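Engineer: Submitted below is the structure of interest, expressed as structure tokens.
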Amino acid sequence: MEAKKLKNVRLRIANDEDLPFIFNSWLKSFRDSFFSRDIPDTIYFSDHHKIIEKILKNSVVMVSCNEDDPTQIYGYAVGGQEDGIFVLHYIYVKYTFRSLGIGTLLLKSFGHSGETASVYTHHNNLAHKLASKYNFIYHPYLMFIEEGNKDGKE
């Protein structure tokens, strides 16, 4: 089934009310990635929360939700441009809404077509599977570079 068959899908920019869901789902779904699985919970949840905060300040967050009830979120994508290249920091779709094309709609909302290579910063099993389908290259270092500090110097 495609997303167009899922009735009442709306794309919008995230708002402050969405942030608890975004932080919670991102931190929990990324917890078992190879990047973080050996990090103790207290360190992971505290410090990765700080990384996400920095990413969100410098990114666009698109939310897919129910048009009639915009508080019912289906998924979201966090991304932006870095030197003219699309950077996807994270994409998340609730399990029950996967395989309906919502992720593709979210990527298209950034203008991503898959014709040119883009990069992503958070790698997990699902990202690995989708990288070749959507022409993404893993580039984790971009999650640590702050806007205005692109050369990595303090």
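The values are calculated or read from the model by the stated rules, or taken from the named source; none is laboratory data. Being a predicted model, the structure only gives us computed values, none of them experimental. Methodologically, a virtual Cβ is constructed for each residue, glycine included, from the backbone with ideal geometry; neighbour enumeration extends over all protein chains shown. Calculation scope for accessible area: heavy atoms of the full protein, side chains included, ligands and nucleic acids excluded. Shrake-Rupley method; radii C 1.70, N 1.55, O 1.52, S 1.80 Å.
Engineer: At 222 nm, what value in deg cm²/dmol follows for the chain if DSSP H runs of at least 4 each add -39500 (n - 2.57) and the sum is divided by all its residues, to the nearest 500?
Structural biologist: -9500 deg cm²/dmol
Engineer: Let me ask you something else. Per residue, how much accessible area does segment 1-126 show when a 1.4 Å probe rolls over the protein heavy atoms, in square angstrom?
Structural biologist: Using a 1.4 Å probe on heavy atoms only, each residue of segment 1-126 averages 56 Å².
Engineer: Could you compute the longest span of the chain free of trypsin sites (Lys or Arg not before Pro) located in DSSP loops and having at most 16 other Cβ atoms within 10 Å, not counting the site residues?
Structural biologist: 38-93
Engineer: Percent of accessible area on the chain owned by carbon and sulfur, 1.4 Å probe?
Structural biologist: Here it works out to 52 percent.
Engineer: Defining a contact as two alpha carbons under 8 Å apart and six or more residues distant in sequence, what relative contact order in percent does the chain show?
Structural biologist: Relative contact order, the chain: 23 percent.
Engineer: What size of dipole, in debye to the nearest 20, comes out for the chain about its Cα centre when the only charges are +1 on Lys and Arg C-beta atoms and -1 on Asp and Glu C-beta atoms?
Structural biologist: 600
Engineer: Okay, moving on. When DSSP assigns beta bridges and you keep just the ones with both residues in the chain, what percent turn out antiparallel, to the nearest 5? Numbers along the way, then the final one.
Structural biologist: Details: 19 of 24 bridges.
Of the beta bridges lying entirely in the chain, close to 80 percent run antiparallel.
Engineer: May I pose another question? Among the chymotrypsin sites (Phe, Trp or Tyr not before Pro) in segment 31-113, which ones are in a DSSP loop with at most 11 other Cβ atoms within 10 Å of the Cβ? Mind listing them?
Structural biologist: For chymotrypsin sites (Phe, Trp or Tyr not before Pro) across segment 31-113 that sit outside H, G, I, E and B with at most 11 neighbouring Cβ atoms in 10 Å, the list reads PHE34.
Engineer: Round to the nearest 0.05 the FRET efficiency obtained for THR116 and ILE13 when R0 = 22 Å and r is the Cβ-Cβ distance.
Structural biologist: Calculated transfer efficiency: 0.35.
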